[in-house]
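First the structure, in the form of structure tokens, and then the observations on it.
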Amino acid sequence: RDLTLPDGTRVTLSTASAIDLRFSDTERLVVLRAGEILVATAPDSAAAPRPFLVRTRHGTVRALGTRYSVRDDDDTSRVEVFEGAVEIRPADAPGVGVRLDAGQGSRFTRDRVDSPVTVAQDAAAWSRGVLVADGMRLDDFAAELARYRSGIVRCDPEVAGLRVSGVFSLRDTDRALDNLTRGL
């Protein structure tokens, strides 16, 4: 789902995602309750510019004029920066601030931020309705595809380590599964 926020910022919600908006005189806050979002921030038109923040259960991501994604998983949150930069602050270590620039990503918990890694060019492919697998483990592929499909998607542990590569439709998961079985 694509949303345009009151300040002009564009947010794309992935499947099984939920956000709350809390805009005030001092900040523009998006609380990511579940799932993943892609954010393209707009300049703030307020007389006193307000920071744009995304908060997960693990901490806060501050936009520094940017396009980026934030995903809330059970144990960590993940940020991938496509344009501009962000600053990550873990919830239980507010003195720790880690800057990520375009092309970088990282995972963080309530008390630490992992070292930055290079972001795959297709990291936000889900926002275009596709899942790009490049040597992805079959069990990871099944778990990701399951987010976009009603019902149950499972992977037998005996084949969980098989590697999958390809571009699969998230809008037609029956077709994606058919293509997967043909490829394997």
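Values for this structure:
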| read-out | value |
| --- | --- |
| Share of carbon and sulfur in the accessible heavy-atom surface of segment 1-137 [1.4 Å probe, %] | 45 percent |
| Theoretical ellipticity at 222 nm over the chain - DSSP helices of four or more residues, -39500 (n - 2.57) apiece, nearest 500 | -3000 deg cm²/dmol |
| Spin-label pair D73/D2, simplified geometry with 7 Å Cα→Cβ offset, distance in nm | 2.9 nm |
| In order through segment 62-76: 3J(HN,Hα) via Karplus (6.51 cos²θ - 1.76 cosθ + 1.60), integer Hz, x for Gly, Pro | 9, 6, 10, x, 6, 10, 7, 10, 10, 10, 9, 9, 4, 9, 9 |
| Crossing angle, helix 173-183 versus the chain [Cα axis fit, 0-90 degrees, rounded to tens] | 50 degrees |
| Exposure of V159 as accessible area (Å², to 10), given a probe of 1.4 Å and all protein chains | 60 Å² |
| Dipole of segment 78-184 [Lys/Arg +1, Asp/Glu -1 at C-beta], most positive-end residue of V81, Q104, G151 | G151 |
| Hz values of 3J(HN,Hα) by residue in segment 127-136 - Karplus curve (6.51, -1.76, 1.60), Gly and Pro given as x | 5, 9, x, 10, 10, 9, 10, 10, x, 6 |
| L64/V31 FRET efficiency (R0 25 Å; Cβ-Cβ; nearest 0.05) | 0.80 |
| GNM flexibility winner over the chain from R112, R154, R89 (Cα, springs under 10 Å) | R154 |
| Structure-derived volume of the Cα convex hull per residue in Å³ - corresponding label in (i) 129; (ii) 143; (iii) 118 | (iii) |
| Antiparallel DSSP beta bridges within the chain, percent to nearest 5 | 95 percent |
| Residues of the chain: accessible area per residue with a 1.4 Å probe, Å² | 54 Å² |
| Karplus-derived 3J(HN,Hα), 6.51/-1.76/1.60, for each residue of segment 30-45, Hz, glycine and proline x | 10, 9, 8, 7, 6, x, 9, 10, 10, 10, 10, 6, 10, x, 7, 8 |
| Distance (nanometres) between label positions extended 7 Å along Cα→Cβ at A46 and T181 | 5.4 nm |
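The values are calculated or read from the model by the stated rules, or taken from the named source; none is laboratory data. On a predicted model such as this, the values are computed, not experimentally measured, just so you know. Quick reminder, even Gly has a Cβ in these numbers, built from the backbone with ideal geometry, and neighbours come from all protein chains shown. Surface accessibility is based on the protein's heavy atoms, side chains included, excluding ligands, DNA and RNA. Shrake-Rupley method; radii C 1.70, N 1.55, O 1.52, S 1.80 Å.
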